[in-house]
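The values are calculated or read from the model by the stated rules, or taken from the named source; none is laboratory data. Everything quoted here is computed from the prediction, not taken from an experiment. What goes into the accessible areas is simple: the full protein's heavy atoms, side chains included, and nothing from ligands, DNA or RNA. Shrake-Rupley method; radii C 1.70, N 1.55, O 1.52, S 1.80 Å.
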Amino acid sequence: MSERDDDTGRELAGEPLREITTRGVIEIIPEDEFREALASGRKLRLKFGLDPSKPDLHIGHGVLLRKLRQFQELGHQVVLIIGDWTARIGDPSGQSATRPMLTAEDVRENAETYMRQFFHVVDRERTEVRWQSEWFDAFTLADVVRLAARFTVAQMLQREDFRTRFDAKKPLGVHELFYPLLQAYDSVAIDADVEFGGSDQLFNLLVGRELQTEVGQRPQSIFVMKLLVGTDGAQKMAKSMENTINFEDAPNEQYGKVMSLPDSALMEYLDLATDIPDEELDAIRSDLEAKSANPMDVKKRLASEIVAQFHGKPAAEEAAAEFQRVFQRHQTPQEMSEVSAADIKTYSVEQSEANAAPQYDLPHLLHDKGLVASVTEARRLIKQGAVQVIEGPGKGAVGGASAELGAGSVLKVGKHRFLRIVDSDA
RNA sequence: GGAGGGGUGGGCGAGUGGCUAAAACCGGCGGUCUGUAAAAUCGCUGCCCUGACGGGCUACGCAGGUUCGAAUCCUGCCCCCUCCA
């Protein structure tokens, strides 16, 4: 869907390259410089920085990581920078709660987790891992001042979130201004040729370019990448928005989250989160517009693609089957939490009639087994008719705070919380 | 250093002594309808006891105080913002 003339790309390396430089890419700054570098045949150093304070990678990051991977396949070198310094400073982002400084130990653990996820997508063999502490540990106050002196406050306030906070009279810590500076210095330290970032990172990326120029390095090119919307279909995917699909989510969870996407986000996900070729995407798009394809089927394809990326094809097929079973046919899932018949004895309720079926206290059972956040919530849900026994002894709607249960009973709470009572000797 | 404004539930934001577990809105959860999702619609949305009625306990930056009674008044402290120097 690029307005750009495709000829340049073709001349360089043909069709695949065109897709690499356009798919998910908003802008390459400056494009001609980048194409020159690419044409030179040099092995390019692709910078990617990570902040080890929040180790959950999600498929929004995936957009960038897959781009890195594509360049690796062309023979280029990824340089992964672990921001152990920027993470230790901590980013108060907005208001309140001065985030507790991470210890060196925390940072190391987080970095491990992060890398494990990172290399799900990016090729470890063609990645050089560098820690910020390699250069920042040696920094003196004089170095810091010299670095800071290269920029003005007005320049810093060009960054949108700084400016909005400043204009809105929200707190803006002085140390936060160092964020872009430290990150920029990373580019100098590793002699980056290209840096990738979401459109929200544009400012930081440009600072790196500027600093490199100042110290006489060839300035990096910048890939500004599109941001993926979250599962709410409205806001960008971000951990703080709780709208992420994580690399390490279980297959069923990833699949379910994709299926719960609003249809309006469908094409964007296909474009940014999968490697389905452009021509095929065009076909899907026109089928959807012509209503000759059912959005649900397209979404299932998307869900399978995504699960397969992280868990493999078989897992994707299982997740698809599970989704049909539980959500489309309203059958019982294959795996769910279980509790033994002996365990629930604790919850039995006194019966007035001696030979009545055994009754069990549901609110406490559900709470103790972690299906609900509080006993009160369980009571509410029961009152709202959200709790039922869908299999085995006591099968039927649950009206009160207790119900008949036995080995083989399956409790369902809301749409996707289940609990099975199993035989005691298991 | 001075003057002023402000810190309320997941978010935003009402509330100036009892009618306030705290409005409205958003978010979240649940029911119905759909039988991907969305939309629509109805309801719930601090914790604990209770079949229910009802009761108890915490909560409005922190710590004290006044009062029969405080998110609301007083004192001290912490933090944020604005203007002046």
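Close amide H contacts of A:GLY230 (hydrogens built in the peptide plane, cut-off under 5 Å, sequence separation of 5 or more or a different chain): A:GLN235, A:LYS236, A:MET237. Rolling a 1.4 angstrom probe over region A:337-422 with all protein chains present gives an accessible area of which 47% lies on carbon and sulfur atoms.
The C-alpha atoms of chain A define a longest principal axis, and helix A:59-73 lies at about 50 degrees to it. Per-residue Karplus couplings for region A:19-29, computed as 6.51 cos²θ - 1.76 cosθ + 1.60 with θ equal to phi - 60°, are listed in order as 5, 4, 8, 10, 5, x, 9, 7, 7, 10, 10 Hz, Gly and Pro entered as x.
Of all lysines in the structure, those lying under 22 Å Cα to Cα from A:LYS313, and not within fewer than 8 positions of it along the same chain, are A:LYS67, A:LYS257, A:LYS299, A:LYS300. Taking all C-alpha pairs of region A:122-195, those more than 16 Å from each other amount to 59 percent. The heavy atoms of A:ASP297 offer some 90 square angstrom of accessible surface to a 1.4 angstrom probe. Taking the 1.4 Å solvent-accessible surface of region A:3-229 as the whole, the part contributed by carbon and sulfur is 52%.
A probe of 1.4 angstrom, applied to the heavy atoms of all protein chains, finds A:SER292 with accessible area near 90 square angstrom. Amide H to amide H, with H built 1.01 Å from N, A:GLY408 comes under 5 Å of A:ILE421, A:VAL422, A:ASP423, counting only residues 5 or more places away or on other chains.
How much of the DSSP beta bridge set in chain A is antiparallel, as a percent to the nearest 5? Here the antiparallel bridges make up roughly 50 percent for chain A. Spatial offset of region A:228-258 relative to region A:362-423 amounts to 28 Å, using the alpha carbon center of each. Under 5 Å from the amide H of A:GLN331 lie the amide H atoms of A:VAL326, each residue being 5 or more positions distant or on a separate chain, with H modelled from the backbone and absent for Pro and chain starts.
Per residue, the accessible area of chain A comes to 50 Å² when a 1.4 Å probe rolls over the protein heavy atoms. Shape of region A:337-422 from its Cα gyration tensor (a ≥ b ≥ c, root eigenvalues): rounded if a/c is under 1.5, otherwise prolate when a/b > b/c, or oblate? Rounded is the answer for region A:337-422, as its axis ratio a/c remains below 1.5. Applying the Karplus relation 6.51 cos²θ - 1.76 cosθ + 1.60 with θ = phi - 60° to region A:122-138 yields 3J(HN,Hα) values of 8, 6, 4, 4, 10, 10, 9, 9, 10, 9, 4, 4, 3, 9, 7, 4, 8 Hz, where x marks Gly and Pro. Using a probe of 1.4 Å on the protein chains alone, the accessible area found for A:LYS239 is around 100 Å².
Helix A:295-311 and the longest principal axis of the Cα set of chain A meet at an angle near 70°. Share of carbon and sulfur in the accessible area of region A:251-328 stands at 52%, probe radius 1.4 Å. If you fit an axis through the alpha-carbon atoms of helix A:313-323 and take the longest principal axis of the Cα set of chain A, what angle between them do you get, 0 to 90°, nearest 10? Tilt relative to chain A: about 40 degrees. Listed values for region A:241-250 are Karplus-derived 3J(HN,Hα) couplings in whole Hz (6.51 cos²θ - 1.76 cosθ + 1.60, θ = phi - 60°), namely 8, 6, 10, 9, 10, 8, 3, 9, 5, 5, and x replaces Gly and Pro.
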